1. If you stretched the chain out fully between B:Thr182 and B:Asn159, how much longer would it get, using 0.36 nm times the residue separation minus the C-alpha to C-alpha distance?
2. Need one number: nm distance between label points at A:Met80 and A:Ile260, each 7 Å from Cα along Cα→Cβ, rounded to one decimal.
3. Only Lys, Arg, Asp and Glu count, each charged at its Cβ (+1, +1, -1, -1), so figure out the dipole size of the range A:32-153 about its Cα centre, rounded to 20 debye.
4. Do the alpha carbons of any pairs in A:Lys229/B:Lys153; A:Lys229/B:Lys96; A:Lys112/A:Lys229; A:Lys113/B:Lys213 sit beyond 31 Å of each other, and which pairs?
5. Averaged over B:203-209, how many beta carbons belonging to a partner chain fall within 10 Å of each residue's beta carbon?
6. How large is the dipole of the range B:98-193 about the Cα centre if only Lys and Arg carry +1 and Asp and Glu carry -1, each at its Cβ, rounded to the nearest 20 debye?
7. Helix by helix, which DSSP H runs in chain A go 15 Å or more along their axis at the Cα atoms and have an average Kyte-Doolittle hydropathy of 0.0 or more?
8. Output the 0 to 90 degree angle, nearest 10, between the alpha-carbon long axis of helix B:235-254 and the longest principal axis computed from the alpha carbons of chain B.
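We did not get these values from a lab; they are worked out from the coordinates using the rules stated. Keep in mind that this is a model prediction, so the values were computed, not measured. Here the Cβ positions follow ideal geometry from the backbone for every residue, glycine too, while neighbour counts run over all protein chains shown.
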Amino acid sequence: MSKTQASPRLAGAMRAPGWLYAVMAAGLVLVVIPFVWMLLSSFKPEAEVRAVPPTWWPETITMDNYTQLFTQLDFPRFFMNSAIVAVAVAAGNMVFCSMLGYALAKLDFPGKKAVFGVVLGTLMVPGVVTFVPLFVLTTNIGLTNTLPGMILPFLAGPFGVFLMRQFIASLPDELIQAARIDGAGELRIFFSIILPLCGPAVATLGVLTFLASWNNFLWPLVVATSEDKYTLPVALALYAVGQNATKYGLLLAGAVVVVIPVLAVFLLLQRRIMQGIAMTGIK
Amino acid sequence: MTATATEPRQGRPAKDSRPTKSRHVDPTRRGQAVAAWILALPFCALFLVFTAGPVLASLGLSFTDLRSTDVRNPLGVEFVGLTNYADLVSDPLFRKVTLNTLLYLVLGVPLTMAVALGVAVALNRITRLRAFFRVGYYLPVVTSIVAVSVVWKFLLRDNGGLVNVMLAWVGINGPGYLDSTTTALPTLVVMAVWRNFGSLMVIFLAGLQTIPKEISEAAETDGASAWATFRYITLPMLRPTLLFGAVITSIGYLQFFEEAFVMTKGGPLDSTKSVTFFTYEQFGFGNYAYASAAAYLLFLAIVLLTLFQFRLLREKD
């Protein structure tokens, strides 16, 4: 659609020069090389990973690194921990943030400005500020070294409220007024009229919070004290700086297991994610 | 109109309208307020317990002598006033990590902004394959910093690392980037730019697309160079977006941590330790109150920098 809208004369005037495409392509190669190298090297035997000069294409293709990840190390467990935490965090944000987002966008209530101000203000709070009191809290209520202990602090984040408020504010007020005149209660309006219309925004929020949770590091690192509660990034980081840091092939295969699922999710849903970023970034 | 009493179904009964008027409470408004608070409650409860509460508690803890051994009995700790803050100011390691964090900020923010803006402007100009390039350049953003740090650690190896091998092709003898106190921190910044510029690029691109094409086209028809058009039309119009980008990027670099944790363990000789790294480390040593005080200084720095940047934004508008 948008391509055909530009008039031929303008399109001709604005056509980008060929060298720009060449530069963009070269830049893209630089951006993507680490991923390609990571993937290819994860199939090399340990000796070839360390080879000087390095090889591009594996001379011997082996699955050893992956079998070790899944047999000697407990990667299936780390994978499950990451998945459970990320799905729960995404679901929580989708539900709780759209509820508050609607209230902030369309309803009048005392304390509205204060709630929105506090929520926005916490976008500035660095993760390190809360982790000491959170650790004291989770220790005292018995949630340290548990998955709920990793999930609860992120179940309702400020970013989601911001995103949902922005989206719901753009829905027409007439819709709500018409429902009110028809006698629908305020909660009914939210659940049967607004929420179904929020599909795209809720999906965007779900994907973004899933990705953020999957990649989250500091809090899981603090709260997971035994190996069976590690998430993928925690396991990978502790192996990377620990005893196994000498097994390069194993670490690269670990990195593949951490990165590939989210890259797949991203490539499938990239349109939605881009919209979300642009929407919250611009206003 | 005088027959209201005989038509109770139409309009509100006259009996009710008087108190309503005098208290200025409109039933629909009240319904809204009740519904709004029902909708807000789950979020607010979680938020109070797990975010707002800990933010305040952290401030309180920073004035105590809480250590890991007191965790089961946090009320038994003593109030020590500003002792932790005074200790931080005279702690050579804290001074070092503060300086490092400032270096991350002053190197990382302009570099990330420049790369993101350059790529966004180029993307805005090209018509074919724009979505393809946008997705490609965005890839590093969605990946785990920990995972890509592992990969970069090997790419940057002194001997046999891909970066130095490729530099050798053009006759450059690259150093052991992560092994020297002078190169380790800038190297981590370059890696962080690679990881982060994509999200800013998307924001800048969206900003560029709100600028009407007619304006720059008119300037170019009048003979303005591409640079002049960019400098005098695009940049000023993009100003709010750029400042917003500067704010979120600064907040990110002030919290620098994962890259240093995985790639250098904060070394060599503490040269890549950030304030967040310091806080995590003190927490590990059991110095909980001291860690909270350091975290609060970081928070204060972020708030001040953000307010300053937003003031810049307001002044020029």
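1. Working: separation 23, 0.36 × 23 = 8.28 nm, distance 1.85 nm.
Fully extending the segment from B:Thr182 to B:Asn159 adds 6.4 nm.
2. In this crude label model, A:Met80 to A:Ile260 measures out at 2.0 nm.
3. Numbers: 6 positive and 6 negative charges, 123 e Å.
Computed about the Cα centre, the dipole is about 600 debye.
4. On the way: A:Lys229/B:Lys153 26 Å; A:Lys229/B:Lys96 34 Å; A:Lys112/A:Lys229 39 Å; A:Lys113/B:Lys213 37 Å.
Correct reply: A:Lys229/B:Lys96; A:Lys112/A:Lys229; A:Lys113/B:Lys213.
5. On the way: counts 6, 3, 4, 8, 3, 0, 2.
Shielding by partners across B:203-209 averages 4.
6. Working: 6 positive and 2 negative charges, 101 e Å.
So the magnitude is around 480 debye.
7. Values: long enough: A:18-41 (33 Å, 2.09); A:75-106 (45 Å, 1.26); A:127-140 (20 Å, 1.60); A:158-169 (16 Å, 1.22); A:199-215 (24 Å, 1.12); A:248-282 (41 Å, 1.78).
Answer set is A:18-41, A:75-106, A:127-140, A:158-169, A:199-215, A:248-282.
8. 70 degrees
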